[in-house]
1. Between Tyr26 and Asp146, what is the spin-label point distance in nm, taking each point 7 Å from the Cα along the Cα→C-beta axis?
2. Could you work out the Kirkwood radius for the chain, taking every pair of different alpha carbons, averaging 1/r and inverting it, reported in Å?
3. How many nm is it between the label spots at Ser39 and Ala201, if each spot is 7 Å from the Cα in line with the beta carbon?
4. Please work out the average accessible area per residue across the chain, using the 1.4 Å probe convention, and give it in Å².
5. Give, in nm to one decimal, the length gained when the segment between Arg85 and Arg58 is fully stretched (0.36 nm per residue of separation minus the Cα-Cα distance).
6. What spacing in nm lies between the two simple spin-label points modelled at Asp19 and Lys194, each 7 Å away from Cα in the Cβ direction?
7. Note down the relative contact order for the chain as a percent, whole number, built from C-alpha pairs under 8 angstrom at least six residues apart.
8. Based on the mean of other Cβ atoms within 10 Å per residue, sort peptides 35-41, 123-129 so the most packed one is first.
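The values are calculated or read from the model by the stated rules, or taken from the named source; none is laboratory data. Because the structure is a prediction, the values reported are computed rather than measured. Cβ: placed from backbone, ideal geometry, glycine included. Neighbour counts: every protein chain shown. When the accessible area is computed, the model is the full protein with side chains, heavy atoms only, and any ligands, DNA or RNA have been set aside. Shrake-Rupley method; radii C 1.70, N 1.55, O 1.52, S 1.80 Å.
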Amino acid sequence: MLHGLTDKLSSYLDPKEVDRVTRSYYFSEKCHLGQMRQSGDPYITHPLAVANILADMRMDHESVIAGLLHDVIEDCGITKGQISRRFGRTVADLVDGVSKLSEVESASRAEQQAESFQKMTLAMSRDIRVMLVKLADRLHNMRTLDYLEPEKQRRVAQETRDLYAPLAHRFGMAKVRWELEDLAFKHLEPDAYKTLAKLVAAKRGEREQLIAQMRAPSGISSPLNPRG
């Protein structure tokens, strides 16, 4: 599982930085040992997926390490000091920042709207990478939202549409914003989503048929090359 990440990172990071990411992966794997996701997958698959999203963004090695470690404080009892001693103060600050943002998600809806923007603004003012790691975390959680209970799916989807998708737009991350909005739409308005998906699939079929006709040999009848 790790090889795909290190291959990506090796295309733009220094080997020593890739080695630090590798060390952080094994540390995270050890911390999450025995923990499982709702999907039944080992928990390490989640931070690894977050790290891959950050690597796709070509983020620096400290951000990728923070992606791999972003849940160890909240879920494994690891302290900020322990992270700082192993991976440096900057990484520890990033992980701590993401952990504090995660606390917002457990707040009540009424409190959340007021608190979340304050905490996120504070996090961004210290280091914008905190928010980028959090967005990567939310993106993977949305991709695997099907495994949660319907009520929690709707709550997370609503929060994503109201808060995280606009933040991605503010950062100029159009691709992330569109995917977050699409996934939120899927869970908030499932009937409309299914109808739209069928229409898109039908249009895709029409486009593929037209392309096939355009590529057809000149002797074969097509709308662009009719016989006679």
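1. 3.5 nm
2. Answer for the chain: a Kirkwood hydrodynamic radius of 19.6 Å.
3. 2.1 nm
4. So the chain comes to 56 Å² accessible per residue, rounded to a whole number.
5. My answer for the length gained is 7.2 nm.
6. Those two pseudo-labels are separated by 5.5 nm.
7. Numbers: 211 pairs, mean separation 30.0, N = 228.
Contact order relative to length: 13 percent.
8. 123-129, 35-41
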